[in-house]
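Read the structure below first, then the notes.
The values are calculated or read from the model by the stated rules, or taken from the named source; none is laboratory data. Predicted, not measured: the structure shown is a model, and the values here were computed from it. Cβ placement follows ideal geometry from the backbone for every residue including glycine, while neighbour counts extend to all protein chains displayed. Ligands, DNA and RNA are excluded from the accessible area calculation, which covers all protein heavy atoms including side chains. Shrake-Rupley method; radii C 1.70, N 1.55, O 1.52, S 1.80 Å.
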Amino acid sequence: MVKKYFIKTFGCQMNVYDSNRMANMLEEMGLKKATGVKDADVVIFNTCHIREKAAEKVFSDLGRVYLIKQERALEGKDTIIGVTGCVVQAEDKQILKRAPYVDFALGPLRYFRLKEVVEEIFNKREAQLLDTEFSAVSKFDYLPENKAEGGCSYLAIQEGCNNFCTYCVVPYTRGVEVSRPVEEILKEARRLVATGSLELNLLGQNVNSYHGEDANGKERNLAYLLNKVAEIDGLKRIRYTTSYPADVDDDLIRCHKELGKLMPYLHLPIQSGSDSVLKKMNRRHTRDDYLRVVEKLKEANPAIGMSSDFIVGFPGETDEDFEKTLDVVNRVKYIQAFSFKYSRRAGTPAAVMENQIEEKVKKERLQVLQDLLFDYQTKFNKASVGKIMPVLFETKGRHKGQLAGRTPYMQNLYAEADNSLLNKIVEVRVTEASTNSLGGEVL
Ligand code: SAH
Ligand code: SF4
Ligand code: F3S
């Protein structure tokens with residue numbers, strides 16, 4: 001019987017990339033993708049530790065998988081349960097205690113050992129296995145060759161973060177910043193395009209701090225890399241995420257003017273519009289620094305649409321601080337954004353700061369902020385009606401005969417379209433719009 005695997009991914013795009021690479025490894029071992037946990041011989045949870053809710057959900061969901069494992073055991077079927085990702089790194093040995101039915105746990109820098117680990121467990125090793133080493137070796141050197149995941153693929157170019165924002169677990173879970181060499185990235189990019197990707201999204205926790213070496217050992221920045229990637233024939237669209245405002249240099253801004261393949265959309269998290277909060281967050285930019293960068297980007301490409309992340313209720317945040325965040329939103333007029341209530345993370349400096357904000361206040365502020373953000377997002381979407389946009393269809397839509405894709409601005413668009421248009425870029429006239437999606441007709 002062919003063995004099957006099921007991977008559930010939590011968290012950011014980096015985790016999506018890692019999950020895809022784990023799937024590559026399992027498929028090399030001859031496993032096939034399962035439709036759900038019930039028919040899977042190997043179940044992997046690739047986890048996220050960023051906020052308390054995300055991390056706690058992992059354990060409740062794992063409990064459910066354990067019940068299924070027991071049911072399967074009654075039918076004589078064995079199930080291997082693995083946990084990977086940032087919760088593993090953060091919890092370390094604790095994870096095996098909190099979830100004693102887990103067979104293996106690999107940190108985000110160690111999942112390249114997956115094949116070896118799964119094989120060993122198939123061969124009936126008894127003890128649980130844990131690996132959370134922050135190794136000097138690059139996991140990328142040990143991963144199998146990947147193929148396009150569809151019309152749009154993620155490509156990790158950088159991992160880890162040295163910024164140590166005081167609220168954030170990422171520097172502890174992903175370690176220090178490491179950039180992959182230019183040639184290695186180009187090789188992967190060419191392979192992804194050759195196997196069907198029209199769009200590449202270059203990923204990193206702090207992607208614009210990229211400083212990988214070229215073939216001559218010279219350090220190169222993200223702008224250099226983007227120019228090289230743009231030379232790949234057959235590649236139509238490039239994106240990169242997530243950027244740190246203080247690391248946006250003039251070379252990068254020039255890319256938004258000169259590189260036609262670079263999409264007119266940038267996710268540039270500010271977190272807060274108040275300088276005193278930004279300082280306590282240990283962000284290396286002020287509100288004015290940020291607004292200047294946005295202005296320069298808009299000069300480089302007047303059509304650019306901005307996106308951001310926001311945290312409300314950071315320790316010590318006053319009503320005035322919060323007003324300043326709303327003011328930034330009114331200035332930048334984001335076309336999309338993600339906003340969160342501050343979540344206290346053990347081991348981070350902000351967790352022990354004075355003046356933690358009450359849940360009720362956080363909730364109120366989040367509501368006000370989101371109402372404003374949704375307002376701008378809806379306005380932007382409504383202004384798209386009547387326009388003709390190139391849409392990359394990525395999946396089947398909710399209804400039969402429908403496909404779903406993305407516009408250059410990352411808007412979700414649904415249209416009646418034949419399956420043959422899947423993973424293609426097609427001109428679509430936008431006919432309707434709501435806060436979260438567009439509808440259109442294929443021309
Ligand atoms: N590397 C990216 C993303 C980090 S995590 C960056 O620097 O922008 C994604 C988002 O989660 C962050 O931008 C931040 O808005 C949010 N976040 C991180 N830690 C958080 C916490 N403790 N509470 C609430 N939101 C948090
Ligand atoms: Fe976290 Fe800050 Fe690094 Fe982003 S820049 S990953 S928010 S520490
Ligand atoms: Fe979560 Fe780790 Fe990404 S904490 S947001 S999965 S880097």
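In the chain, how does Rg compare with the Kirkwood Rh, expressed as the Rg/Rh ratio over alpha carbon atoms? The partial results should precede the final answer.
Working: Rg = 22.3 Å, Rh = 23.2 Å.
A ratio of 0.96.
Once you keep just the Cα pairs under 8 angstrom separated by 6 or more residues, what percentage relative contact order results for the chain?
Working: 876 pairs, mean separation 44.7, N = 443.
Reported relative contact order: 10 percent.
I'd like the trypsin sites (Lys or Arg not before Pro) in the stretch 348-415 restricted to DSSP loop residues with at most 13 other Cβ atoms within 10 Å, sorted by number.
Listed in order of number, the matching sites are Lys387, Arg398, Lys400.
Rounded to whole Å, give me the distance from the Cα center of the stretch 261-306 to that of the stretch 148-220.
Value for the Cα centre distance between the two parts: 21 Å.
Round to a whole number: what % of the accessible area of the chain belongs to carbon and sulfur, probe 1.4 Å?
Working: 9990 of 20090 Å².
Looking at the chain in its full context, I get 50 percent from C and S.
For the stretch 330-368, which GluC sites (Glu not before Pro) are both in a DSSP coil and crowded by at most 11 other Cβ atoms within 10 Å?
Working: sites: Glu354, Glu358, Glu359, Glu364; in loops: Glu354, Glu358.
Hits after loop and neighbour filter: Glu354, Glu358.
What is the set of long-range amide H partners of Thr84 at a cut-off below 5 Å, with H atoms built 1.01 Å from backbone N?
Phe45, Asn46, Thr47, Leu106
Using a probe radius of 1.4 Å on heavy atoms only, what accessible surface per residue do you get for the stretch 348-443? Whole Å² is fine.
Accessible surface, normalised per residue, equals 56 Å².
Given that compact globular proteins tend to follow 2.2 N^0.38 Å, what is the ratio of the alpha-carbon Rg of the stretch 154-248 to that value?
Working it through for the stretch 154-248, the quotient is 1.09.
Non-local amide H neighbours of Gly305 (under 5 Å, H modeled in plane, Pro and chain starts lacking H): which ones?
Tyr265, Leu266
Give the ranking of His256, His211, His399 by solvent-accessible surface, highest area first, calculated with a 1.4 Å probe.
Working: His256 10, His211 65, His399 120 Å².
Accessible-area ranking of His256, His211, His399, largest first: His399, His211, His256.
Solvent-accessible area per residue for the stretch 1-102 at a 1.4 Å probe radius, Å²?
Details: 4810 Å² over 102 residues.
Accessible area per residue: 47 Å².
Enumerate the calculated ³J(HN,Hα) couplings along the stretch 413-421 in order (Karplus 6.51 cos²θ - 1.76 cosθ + 1.60, θ = phi - 60°), each rounded to whole Hz, writing x wherever the residue is Gly or Pro.
10, 10, 8, 5, 7, 6, 4, 5, 8
From the backbone phi of the stretch 75-81, what are the Karplus-calculated ³J(HN,Hα) couplings (6.51 cos²θ - 1.76 cosθ + 1.60, θ = phi - 60°) in whole Hz, Gly and Pro given as x?
Ordered by residue, 3J(HN,Hα) equals 8, x, 9, 8, 10, 9, 10 Hz.
Local charge sum around Lys387 (other residues, Cβ-Cβ under 15 Å, Lys/Arg +1, Asp/Glu -1)? List each step's numbers first, then the result.
On the way: positive: Lys379, Lys382, Arg406, Arg429; negative: Glu427, Glu432, Glu441.
Residues close to Lys387 contribute a combined charge of +1.
In a shell of Cβ-Cβ distance under 15 Å around Gly175, excluding Gly175 itself, what net charge do Lys and Arg (+1) and Asp and Glu (-1) give? Display every interim value, and only then the final one.
Values: positive: Arg110, Lys139, Arg174, Arg180; negative: Asp18, Asp92, Asp131, Glu133, Glu159, Glu177.
Around Gly175, the charge tally is -2.
For Lys187, which lysines qualify as cross-link partners when the Cα separation must be under 20 Å and same-chain residues fewer than eight apart are set aside?
In chain and number order, the partners are Lys139, Lys147, Lys218, Lys228, Lys236, Lys261.
Using the Karplus equation 6.51 cos²θ - 1.76 cosθ + 1.60 (θ = phi - 60°), what ³J(HN,Hα) coupling, rounded to whole Hz, does each residue of the stretch 294-306 give in order, writing x for Gly and Pro?
Taking θ as phi minus 60°, the curve returns 4, 4, 4, 5, 5, 5, 5, 9, x, 8, 5, x, 9 Hz for the stretch 294-306.
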